[in-house]
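Participant: Dumping the structure here so I can ask a few things about it.
The values are calculated or read from the model by the stated rules, or taken from the named source; none is laboratory data. Because the structure is a prediction, the values reported are computed rather than measured. Glycine also receives a Cβ, built like all others from the backbone with ideal geometry; neighbour counts cover every protein chain displayed.
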Amino acid sequence: MDIVKKIEELGIVPVVKLDRADDAVPLAKALAKGGLPLAEITFRTDAAEESIRRIAGEVPEVLVGAGTVLTVEQVDRALGAGAAFIVSPGINPGVVRHCIDRKVPVFPGVATPSDIEVALELGLRVLKFFPAEALGGLDTLKALSGPYGQVRFMPLGGVNPENMNKYLGFPKVAAVGGTWLAKDDVVKAGDFAKITSLAAEAINIMLGFELAHLGINAPDADASIGAAKTFSSMFNFPLKEGNSSNFAGKGIEVNKSKGLGANGHIAISTNSISRAAAWLEGKGIKVNHETAKKDAKGELVAVYLRDEVAGFAIHLLQKK
């Protein structure tokens, strides 16, 4: 498994402190049920190592890593327990080199240009940005990305449901870290249903699915413009003629020939096609990657799912 790619696809890294190893498995299952099969267990308690061991052994579908790793000895303990990646609050060259030697992905925290240059010298390209909001948030990330365009960041610290899309919308952000998904009091209360709910809510906010338009198949160009004009006249929708289809307003598209789907297609817009496609495939919904369309910059802007629903093909559309 490409650990970095998986984390980027999931987009949100739940950061969890566990005081009791008995909470580890129900926590992991709760996150997975909510759509986030990922957890960073911080090495801030005596229960961390055993918690990682239990998740890795009993909930293998959840990608588990170790956070707040400060020493080489902690690296070895975390890896011995089954951690798939290592995260640290700062950049310790000795810890980083040991992780590289052990061939495990490591994401040290950086806060300054000097930190980033140390990381680059060690061969790293994906770095934790911590504490994100206290350091100036997205504005600081954008400033740092000017001279260090080869680096991608995982901001943590002050990231929450209200501001996470601000970060995730910046191309240099690989994922965000979230402590709000499994707060200490919620875990101690055993309210794992709330953790599932918070994870599902975070996914919904991140992906931002919305109905973009309905595409109707018409047999030819004349039928297409006729139908589009009818919708336009009925509801005072502005008419927009195109090369392969005609629109009545933004919500109704009439194709000039039979496209995908027996009846047409339904376009669902999203904040991130790549993350949406990965999330859907994680649910067993197949994506037809052969239909992917990219813009002039090579960025994915549309892709169809493989199966129709009620005679309509479904395609994802990147929000602008």
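Participant: Where the second residue is aromatic (Phe, Trp, Tyr) and crowded, with 19+ Cβ neighbours inside 10 Å and the first is on the phi < 0 side of the Ramachandran plot and lies in segment 30-51, which pairs have Cβ atoms under 7 Å and are six or more apart or on separate chains?
Facilitator: Going by the 7 Å Cβ cut-off, the qualifying pairs are 30/192.
Participant: Same structure again: Answer yes or no as to whether residue 95 is among the aliphatic types (A, V, I, L, M), crowded, with 18+ Cβ neighbours inside 10 Å and touching a residue at least 40 places away in the same chain (Cβ under 8 Å). Break it down stepwise before answering.
Facilitator: On the way: among the aliphatic types (A, V, I, L, M): yes; crowded, with 18+ Cβ neighbours inside 10 Å: yes; touching a residue at least 40 places away in the same chain (Cβ under 8 Å): no.
No.
Table: residues versus (1) over 30 Å from residue 31 (Cβ atoms); (2) surrounded by fewer than 20 Cβ atoms within 10 Å (Cβ to Cβ).
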| residue | (1), (2) |
| --- | --- |
| 227 | yes, yes |
| 235 | yes, yes |
| 279 | no, no |
| 289 | no, yes |
| 316 | no, no |
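Participant: Here's a follow-up. Restricting to segment 133-171, name every residue that is small (Gly, Ala, Ser) and free of Cβ contacts under 8 Å to residues at least 12 places away in the same chain.
Facilitator: First, the residues of segment 133-171 that are small (Gly, Ala, Ser): 134, 136-137, 143, 145-146, 149, 157-158, 169.
Once the filter is applied, which keeps residues that are small (Gly, Ala, Ser) and free of Cβ contacts under 8 Å to residues at least 12 places away in the same chain, segment 133-171 yields 136, 143, 146.
Residue by residue, here is whether (1) part of a helix (DSSP H, G or I); (2) basic (Lys, Arg); (3) surrounded by fewer than 23 Cβ atoms within 10 Å (Cβ to Cβ); (4) at pLDDT 95 or above holds:
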{"site": "8", "(1), (2), (3), (4)": "yes, no, yes, yes"}
{"site": "23", "(1), (2), (3), (4)": "yes, no, yes, yes"}
{"site": "30", "(1), (2), (3), (4)": "yes, no, no, yes"}
{"site": "46", "(1), (2), (3), (4)": "no, no, yes, yes"}
{"site": "49", "(1), (2), (3), (4)": "yes, no, yes, yes"}
{"site": "56", "(1), (2), (3), (4)": "yes, no, yes, yes"}
{"site": "61", "(1), (2), (3), (4)": "no, no, yes, yes"}
{"site": "66", "(1), (2), (3), (4)": "no, no, no, yes"}
{"site": "78", "(1), (2), (3), (4)": "yes, no, no, yes"}
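Participant: Residue by residue through segment 270-310, note down the ones that are hydrophobic (A, V, I, L, M, F, W, C), assigned to a loop (DSSP other than H, G, I, E, B) and over 18 Å from residue 212 (Cα atoms). Give the derivation first.
Facilitator: Taking segment 270-310 as the starting set, the residues that turn out to be hydrophobic (A, V, I, L, M, F, W, C) are 273, 276-280, 285, 287, 292, 296, 300-303, 305, 309-310.
Filter again for assigned to a loop (DSSP other than H, G, I, E, B), leaving 285, 296, 310.
The answer is 285, 296.
Participant: May I ask you to list the residues in segment 215-253 that are without any contact (Cβ under 8 Å) to a residue 24 or more places away in the chain and in a loop (DSSP other than H, G, I, E, B)?
Facilitator: 236, 237, 238, 242, 243, 244, 249
Participant: Moving to a separate point now. Can you go through 313, 267, 262 and tell me which one is in a loop (DSSP other than H, G, I, E, B) and either without any contact (Cβ under 8 Å) to a residue 24 or more places away in the chain or outside the structural domain of residue 165 (by TED's automatic domain parsing) (or both)? Quick ask: steps written out before the conclusion?
Facilitator: On the way: 313 fails: in a loop (DSSP other than H, G, I, E, B); 267 fails: in a loop (DSSP other than H, G, I, E, B).
Sole residue among the options that is in a loop (DSSP other than H, G, I, E, B) and either without any contact (Cβ under 8 Å) to a residue 24 or more places away in the chain or outside the structural domain of residue 165 (by TED's automatic domain parsing) (or both): 262.
Participant: Of the residues 201, 210, which is closer than 21 Å to residue 319 by Cβ, touching a Ser or Thr at 6+ places or on another chain (Cβ under 7 Å) and among the acidic types (Asp, Glu)? Lay out the reasoning, then the answer.
Facilitator: On the way: 201 fails: touching a Ser or Thr at 6+ places or on another chain (Cβ under 7 Å).
The unique qualifying residue is 210.
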